[in-house]
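The values are calculated or read from the model by the stated rules, or taken from the named source; none is laboratory data. In this text the structure is predicted, and so the values were computed from the model without any measurement. Glycine also receives a Cβ, built like all others from the backbone with ideal geometry; neighbour counts cover every protein chain displayed. Heads up: the accessible areas ignore ligands, DNA and RNA and are worked out on the full protein's heavy atoms, side chains in. Shrake-Rupley method; radii C 1.70, N 1.55, O 1.52, S 1.80 Å.
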Amino acid sequence: MPQPLIEIQSLCKTYSGKGGAVPALEDVSLCIDRGDIFGIIGLSGAGKSTLVRCLNYLEKPTSGTVRVDGVDLSALSGAGLRELRRSMGMIFQQFNLMMQRTALQNVLFPLELQKADKKQSEARARELLELVGLLDRANAYPAELSGGQKQRVAIARALATRPKVLLCDEATSALDPTTTVSILSLLESINRQLGLTIVIITHEMRVIESICNRVAIIDEHRIAECGPVEEIFSRPQSEAARRLVLPEGRTVQMTGGRCVRIVFNGSSSFEPVVANLVLECRAPVNILFADTQNVSGQAHGQMVLQLPEDEAAAGRMLRSLAARGITAEEVTGYVE
């Protein structure tokens, strides 16, 4: 069995506060395999940003171990840590570009720190700007770029040292929805083309759904649930996962039938699922919530339907959904 690229065991991080010790992470254990697009999701204050900073020892854990490619980071000296961090690129919510440098010069910066050959470095930087679709903006300054373009430059800069891992800390949180989709598509392409392992820290389940193959849900400083995205999205087990995955909002008074959540995880976007259900079972449904998107001709997302009061009709609908291979589970109180 291949060794995980990143292995975290019993990780704890505690800060000192006026009132005493403040826990940020408690007994966190995770394995991230080579080539994964691994998501870490949680609400604000759950500890996810602390966790990503512990992955490269920008924050030193209070206890526990972090191994990257079999190397225990706690055993490394300052020089050893700096060398390892070159294999772990990082991008942030606010881009962190140097405003007095052009896009090309920003990408060159980590290579300059390594004192790499200037000619080879510039060729590498131009190659990366082309990879992220910004070669024509090589001489533009950050102030002349849009938010999405700044993040593309930041991604190119993070790739300059040929890292094994790309850490993304809320990298799309400052972007509009359309730009977010384009950045996620770029990250997915980089993962596929370069075989690069990507770790995505986010509070948005839509980001996880879009490109991650595995996800860990962090809640109150601990891992609440971890596994394949499709499995957790379809059948969340922990309360933290259900809060993030299920439609969120106010509880309402139901006046009739059962409510069912149906999950779309790859069926054709061109199949009118609800219309077919109504026609086949000859009964109406009420759409309480819908959050679906078309990704390469396939439907991804979820929908909450209120089924008919007639139990026989409701039963026919549930059997019909199952026959079509669509995951369905009954829910209460998760509507907007």
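Within the accessible area of the chain, the carbon and sulfur atoms contribute 48%, probe 1.4 Å, all protein chains present. Think of it as helices only: each DSSP H run of n ≥ 4 in the chain is worth -39500 (n - 2.57), and spread over all residues that comes to -10000 deg cm²/dmol at 222 nm. Reported to the nearest whole Å, the Cα centre-to-centre distance from region 62-131 to region 150-226 is 17. Per the Debye calculation on region 26-150 with a single equal scatterer at every Cα and no solvent contribution, log₁₀ I(q)/I(0) for q = 0.13, 0.16, 0.17, 0.20 Å⁻¹ amounts to -0.72, -1.00, -1.07, -1.22. Among the listed pairs LYS18/LYS60; LYS60/LYS118; LYS13/LYS150, those whose Cα-Cα separation exceeds 23 Å are LYS60/LYS118; LYS13/LYS150. Extending 7 Å from the Cα toward the beta-carbon at both ASN96 and GLU329 defines two label points whose distance is 3.6 nm.
Counting heavy atoms of the protein chains alone, ILE223 has an accessible area of about 50 Å² for a 1.4 Å probe.
Each peptide among 139-149, 85-95, 70-80 gets the average number of other Cβ atoms lying within 10 Å of its residues, and from highest to lowest they stand as 85-95, 139-149, 70-80.
Highest mean packing first, where packing is the average number of other Cβ atoms within 10 Å per residue, the peptides 10-22, 177-189 line up as 177-189, 10-22. Placing dummy labels 7 Å off each Cα toward the beta-carbon, the span from TYR141 to THR62 is 4.5 nm. Each principal axis of region 113-250 carries a Cα extent, and these read 55, 29, 25 Å when sorted largest first. Full extension of the segment from ASN286 to GLU130, taken as 0.36 nm per residue of separation minus the current Cα-Cα distance, would add 51.3 nm. Annotation: per residue accessible area for the chain equals 49 Å², rounded to a whole number [probe 1.4 Å, protein chains only]. Tell me, what is the FRET efficiency for ARG206 and GLN3 to the nearest 0.05, using R0 = 35 angstrom and their Cβ-Cβ distance as r? With R0 = 35 Å, the Cβ-Cβ based efficiency is 0.65. Legend: P(r) of region 161-231 from all alpha carbon pair distances, 5 Å bins from 0, whole percents, reading 3, 14, 26, 26, 18, 10, 2, 0. Per residue, the convex hull around the alpha carbon atoms of region 1-56 comes to 88 Å³.
For region 68-128, the Cα gyration tensor yields ellipsoid semi-axes of 25, 15, 10 Å (square root of five times each eigenvalue, largest first, whole Å).
Each peptide in 130-138, 44-52 receives the mean, over its residues, of other Cβ atoms within 10 Å, and ordering these scores from highest gives 44-52, 130-138. One compactness figure for the chain is 1.14, namely its Cα radius of gyration divided by 2.2 N^0.38 Å. Note: relative contact order over the chain, using C-alpha pairs below 8 Å and six or more positions apart, is 17 percent.
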